[in-house]
1. Which percent of Cα-Cα pairs in the chain sits in each 10 Å bin, short to long?
2. Classify the stretch 1-40 as rounded, prolate or oblate from the Cα gyration tensor: take a ≥ b ≥ c as the square roots of its eigenvalues, call it rounded if a/c is under 1.5, otherwise prolate when a/b beats b/c and oblate if not.
3. Could you pull out every one of the lysines with an alpha carbon less than 20 Å from that of Lys92, ignoring same-chain neighbours closer than 8 positions?
4. In nm, give the distance between the simple-model label positions of Val37 and Tyr57, each being 7 Å from the Cα along the Cα-to-Cβ direction.
5. State the percentage of accessible surface on the stretch 1-66 attributable to carbon and sulfur atoms; use a 1.4 Å probe and exclude ligands, DNA and RNA.
6. From the phi of every residue in the stretch 76-88, what ³J(HN,Hα) in whole Hz does the Karplus formula 6.51 cos²θ - 1.76 cosθ + 1.60 yield, where θ is phi - 60° and glycine or proline is x?
7. Using only alpha-carbon positions, what ratio does the radius of gyration of the stretch 28-79 give when scaled by 2.2 N^0.38 Å?
8. Whole number in Å², please: accessible area per residue of the chain, 1.4 Å probe, ligands, DNA and RNA not counted.
Amino acid sequence: MSAKAVTFRLDESLIKDISRIAEDKSQSINSCISQAVQLYCDHYYIQEKSVFVTDEYIKTLNASIALLEHKLNNRSNQLIGSLAIQQFVLSKVLADSLDISSDALDFYRKQAVEFMRENNRVFSLKEMLE
């Protein structure tokens with residue numbers, strides 16, 4: 001590292017303190033001041049510009065979260081598909097045992113879908129009958 005001569009104005013008491021510290025550490029006043037300035041620069045960087053969590057760590061966490069979301073979505077889709085198949089089987093068994101025509105069953109499905117669109121939420125059978 002190259003050094004450059006710079007002139008500073010310091011309080012008399014600060015110069016005495018720096019001289020005493022330099023004597024105690026057996027180093028030059030210039031070296032003592034350089035270390036103090038470097039310490040201040042490091043302190044400033046940590047307080048103002050540094051981050052607690054590195055960008056690489058954030059990227060790793062985001063990738064892990066994306067992977068978990070993908071796995072969860074796949075699992076949810078499998079579960080929803082399985083429930084839809086079971087519901088279809090139950091609907092067909094119920095319709096066959098009650099002698100409900102497939103046209104009537106389609107009409108009921110369309111009513112349920114329309115109800116879901118209007119209310120944008122899960123519905124109960126009680127609300128459908130009202």
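1. 9, 18, 15, 9, 9, 8, 7, 9, 10, 6, 1
2. The shape class here is oblate.
3. Straight-line reach from Lys92, under 20 Å: Lys110.
4. Placing both labels 7 Å along Cα→Cβ, they lie 3.2 nm apart.
5. The computed percentage sits at 57.
6. Result, ordered by residue: 4, 5, 5, 5, 5, x, 5, 5, 5, 5, 4, 5, 5 Hz.
7. Normalised Cα radius of gyration, the stretch 28-79: 2.29.
8. Per-residue value: 94 Å².
The values are calculated or read from the model by the stated rules, or taken from the named source; none is laboratory data. If you're wondering where the values come from, they're calculated on a predicted model, not measured in any experiment. FYI the Cβ positions are ideal-geometry reconstructions off the backbone, even for glycines, and counts take in every protein chain you see. Surface areas here come from the heavy atoms of the whole protein model, side chains and all, with no ligands, DNA or RNA. Shrake-Rupley method; radii C 1.70, N 1.55, O 1.52, S 1.80 Å.
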